[in-house]
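Some notes on the structure that comes next.
The values are calculated or read from the model by the stated rules, or taken from the named source; none is laboratory data. If you're wondering where the values come from, they're calculated on a predicted model, not measured in any experiment. Here the Cβ positions follow ideal geometry from the backbone for every residue, glycine too, while neighbour counts run over all protein chains shown. Surface accessibility is based on the protein's heavy atoms, side chains included, excluding ligands, DNA and RNA. Shrake-Rupley method; radii C 1.70, N 1.55, O 1.52, S 1.80 Å.
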Amino acid sequence: MVYPHATPYVTPHILHKHYAQAHDNEQLNDLLGRELEYFSQAGFDMDKITIKRNAPVAQLYEDAIRNEGAVISSSGALINFSGKKTGRSPKDKRIVFEETSKDDIWWGSVNIKMDEHTFEINRERAIDYLNTRDNVYVFDGFAGGDPRYRIKVRVICARAYHALFMHNMLIRPTEEELANFGEPDFIIYNAGQFPANRFTQGMSSTTSVEINFKRMEMVILGTEYAGEMKKGVFSVMHYLQPVKFGQLSLHSSANVGIEKGDVTLFFGLSGTGKTTLSTDPRRQLIGDDEHVWSDRGVFNIEGGCYAKCINLSAEKEPEIFNAIRFGSILENVVYNPATRVPDYDDTSITENTRCAYPIEFIPGARIPCIVDTQPSNIVMLTCDAFGVLPPVSKLSPEQASYHFLAGYTSKTPGTEDGVLEPIPTFSTCYSAPFIVCHPGRYASMLAERMSQHNVDCWLINTGWTGGKFGMGKRCPLKYTRRIIDAIHSGELAKAEYETFGVFNLQIPTSLEGVPRELLNPEMAWPNREAFEKEVRKLAGMFRKAFQVYEADVEEKVRLAGPQV
């Protein structure tokens, strides 16, 4: 019964609609302390903007919902959108040509030169834009799980969604570490809502993603896709680890066996299965994308995971599915407006739907993300759109070097702007879009470590079987998982092998739980003549792509490739 004179009791401060915001702003600005001088010197108008440094997740949710049109999904994740750009823009990535780093950079179509003056113009444009915002978000965190080789990263952005994304992707500092953070080693100015001036020298569009190694800064204009920040940090670590620290940075996921403590590295570009295959309930996840193979073991560069959500289901990928909860971000995912239930099969926005979550959200993840154990196995993942590579091959040391340098895969829809169907590509070191030094530098370091620690190497095709794209079908995940399990158990190392034709690959003749015709692609194709045509075609592409490296490798590595 409700009495006419009664009013529900409300905590007094909630009656004032601005109470929470005022409290948050006061508290966060106070956190800056000695950092105020830095922001003033950098050109920020501290009288006009409110700096929110390392804001709590709940407040970032509130700001994203209030100001950016975000919603909370039925599982508690924040759903937000990156606007026009739903993938990386590799043609707009540039590195400043300056005296401190120019001799270590692999200049070309991947690392496009930018002059220092243009960088300064774009940096000023980014800060000018950020000064027009009411709220500017700052996140201070670490890149690198090993304190000996980590760097301090500061992210400055105008969207709560971007701040939460980097809160998840970087290694989150403790309160004590944040209080004593000091000067950052690397700074990202993300003004992605504002376009670059395409008439500025060197600009080819209104999008610009640029890194200056002398200033140790990154500027983002004209794209709100959060993955640009993640890969910017990786590019910096891909430069610093071999050049400054003498360690091997890798585009890989990694996990460690719970019982045996054996470490496996998974190389591969986006869409090849790094995140899915390294997330295994019987093993501890070290990380899903970026690692360093150090003189002591393996450590994650990041503090979170950035998983593809297309066709995600609780049955196929329960660990990832259940990580999508409060604190994680669903990016560009379609949802039911009535129930807020995500539709992971809907690609109307993009094929590149994503979720970013702290690695702690994966049950049994290795925290901190570091192991003092050298790898036992390396898995090189490829997505073969021609459907001719075997689902598993055991590589010799020379073949491992060859395939690492070649880095064959197919770009899958959504991973880059404008990719609508699989495109065969050769991405050296399985990381061409993010590579900074010459590929030979990484390849020689890899060969040395593999030889020193007697590491087995496997080539795994997660792409098509029984026909090329449009005719065959993708290798079922259950068979790929069975193959990975057999690698970890040692079963595959003891199997009988046969030679696979033109590519001279060693493939198992049988594996319990995997159909015989799947292990040998020739048996899976209904038309042998069509199969042989595609094999020769792909082999020719390998030979042509590898010509770039032939002068820099030993003859035995050159001969480890396909023979047409």
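Looking at segment 506-516, is at least one residue free of Cβ contacts under 8 Å to residues at least 24 places away in the same chain, within 28 Å of LYS537 (Cβ to Cβ) and either touching a Gly at 6+ places or on another chain (Cβ under 7 Å) or of a type in the set (Lys, Arg) (or both)?
Checked against the condition, which is being free of Cβ contacts under 8 Å to residues at least 24 places away in the same chain, within 28 Å of LYS537 (Cβ to Cβ) and either touching a Gly at 6+ places or on another chain (Cβ under 7 Å) or of a type in the set (Lys, Arg) (or both), segment 506-516 yields at least one hit.
Might you let me know whether segment 170-188 holds any residue that is touching a residue at least 24 places away in the same chain (Cβ under 8 Å), part of a helix (DSSP H, G or I), in contact with a strand residue (DSSP E or B) (Cβ under 8 Å, 6 or more places away or on another chain) and crowded, with 20+ Cβ neighbours inside 10 Å?
Scanning segment 170-188, I find no residue that is touching a residue at least 24 places away in the same chain (Cβ under 8 Å), part of a helix (DSSP H, G or I), in contact with a strand residue (DSSP E or B) (Cβ under 8 Å, 6 or more places away or on another chain) and crowded, with 20+ Cβ neighbours inside 10 Å, so the answer is no.
Every residue, every condition in (1) touching a helix residue (DSSP H, G or I) at 6+ places or on another chain (Cβ under 6 Å); (2) assigned to a helix (DSSP H, G or I), yes or no:
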| site | (1), (2) |
| --- | --- |
| SER410 | no, no |
| THR425 | no, no |
| GLY440 | yes, yes |
| ALA443 | yes, yes |
| GLN452 | no, yes |
| GLY470 | no, no |
| GLU517 | yes, yes |
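So which residues in segment 190-204 are touching a strand residue (DSSP E or B) at 6+ places or on another chain (Cβ under 8 Å) and open to solvent by 10 Å² or more (accessible area, probe 1.4 Å)?
Residues satisfying the conditions are PHE194, PRO195, GLY202.
Test of understanding: among VAL341, VAL298, VAL333, VAL292, which residue is open to solvent by less than 60 Å² (accessible area, probe 1.4 Å), of a type in the set (A, V, I, L, M), touching a Ser or Thr at 6+ places or on another chain (Cβ under 8 Å) and farther than 25 Å from GLN241 by Cα?
Being open to solvent by less than 60 Å² (accessible area, probe 1.4 Å), of a type in the set (A, V, I, L, M), touching a Ser or Thr at 6+ places or on another chain (Cβ under 8 Å) and farther than 25 Å from GLN241 by Cα holds for just one of VAL341, VAL298, VAL333, VAL292, which is VAL333.
Suppose we keep only residues that are modelled with pLDDT of 95 or more, over 24 Å from PRO390 (Cβ atoms) and of a type in the set (A, V, I, L, M) within segment 430-450. Which one would you say is most open to solvent (accessible area, probe 1.4 Å)?
So, considering only residues that are modelled with pLDDT of 95 or more, over 24 Å from PRO390 (Cβ atoms) and of a type in the set (A, V, I, L, M), the one most open to solvent (accessible area, probe 1.4 Å) is MET445.
Say we look at segment 472-487 and pick out the residues that are open to solvent by less than 20 Å² (accessible area, probe 1.4 Å) and in a helix (DSSP H, G or I); which of these is farthest from TYR430 (Cα to Cα)?
ALA486
From the list SER208, SER204, which residue is more than 22 Å from the chain's Cα centre (by Cα) and farther than 19 Å from ILE301 by Cβ?
None of the other options fit; the residue is SER204.
Read through the list (1) under 26 Å from PRO439 (Cα atoms); (2) modelled with pLDDT under 95; (3) touching a Gly at 6+ places or on another chain (Cβ under 7 Å); (4) not aromatic (Phe, Trp, Tyr), then give the number of the only condition that LYS468 fails.
Result: LYS468 passes all but (1).
With the structure loaded, tell me whether ILE507 is assigned to a helix (DSSP H, G or I) and either touching a strand residue (DSSP E or B) at 6+ places or on another chain (Cβ under 7 Å) or surrounded by fewer than 18 Cβ atoms within 10 Å (Cβ to Cβ) (or both) or whether it fails that test.
In short, no.
Of all residues being over 20 Å from PRO390 (Cβ atoms) and assigned to a helix (DSSP H, G or I) in segment 529-564, which is least open to solvent (accessible area, probe 1.4 Å)? Just the residue, please.
VAL557
Give the residues of segment 451-464 that are in contact with a Gly (Cβ under 6 Å, 6 or more places away or on another chain) and open to solvent by 20 Å² or more (accessible area, probe 1.4 Å), sorted by residue number.
The one that is in contact with a Gly (Cβ under 6 Å, 6 or more places away or on another chain) and open to solvent by 20 Å² or more (accessible area, probe 1.4 Å): TRP464.
Within segment 494-527, can you find the residues that are modelled with pLDDT under 95, among the small types (Gly, Ala, Ser) and within 28 Å of ARG558 (Cα to Cα)?
If the condition is that a residue be modelled with pLDDT under 95, among the small types (Gly, Ala, Ser) and within 28 Å of ARG558 (Cα to Cα), then GLY501 is the only one that fits.
So if I check each of ARG88, ARG94, which one is under 26 Å from the mean Cα position of the chain (by Cα) and more than 20 Å from HIS162 (Cβ to Cβ)?
Result of the check over ARG88, ARG94: ARG94.
Looking only at segment 41-68, count every residue that is modelled with pLDDT of 95 or more, in a loop (DSSP other than H, G, I, E, B) and touching a Phe, Trp or Tyr at 6+ places or on another chain (Cβ under 9 Å) and tell me the total.
So the answer is 2.
From THR207, THR223, THR275, which residue is touching a residue at least 12 places away in the same chain (Cβ under 8 Å), within 25 Å of ASN311 (Cβ to Cβ) and crowded, with 20+ Cβ neighbours inside 10 Å?
Residue meeting the stated conditions: THR275.
What do you reckon, is PRO526 of a type outside the set (Gly, Ala, Ser), under 21 Å from ALA447 (Cβ atoms) and not in a helix (DSSP H, G or I)?
So PRO526 fails the test.
Is there a residue in segment 372-392 that is open to solvent by 10 Å² or more (accessible area, probe 1.4 Å) and under 19 Å from the mean Cα position of the chain (by Cα)?
No; the residues of segment 372-392 include none that is open to solvent by 10 Å² or more (accessible area, probe 1.4 Å) and under 19 Å from the mean Cα position of the chain (by Cα).
Of these, VAL236, VAL243, VAL263, VAL256, which one is surrounded by fewer than 22 Cβ atoms within 10 Å (Cβ to Cβ) and closer than 30 Å to ASN461 by Cα?
Going through VAL236, VAL243, VAL263, VAL256 in turn, just one is surrounded by fewer than 22 Cβ atoms within 10 Å (Cβ to Cβ) and closer than 30 Å to ASN461 by Cα: VAL256.
What number of residues within segment 166-180 are under 20 Å from GLY327 (Cα atoms) and among the charged types (D, E, K, R)?
Matching residues across segment 166-180 total 2.
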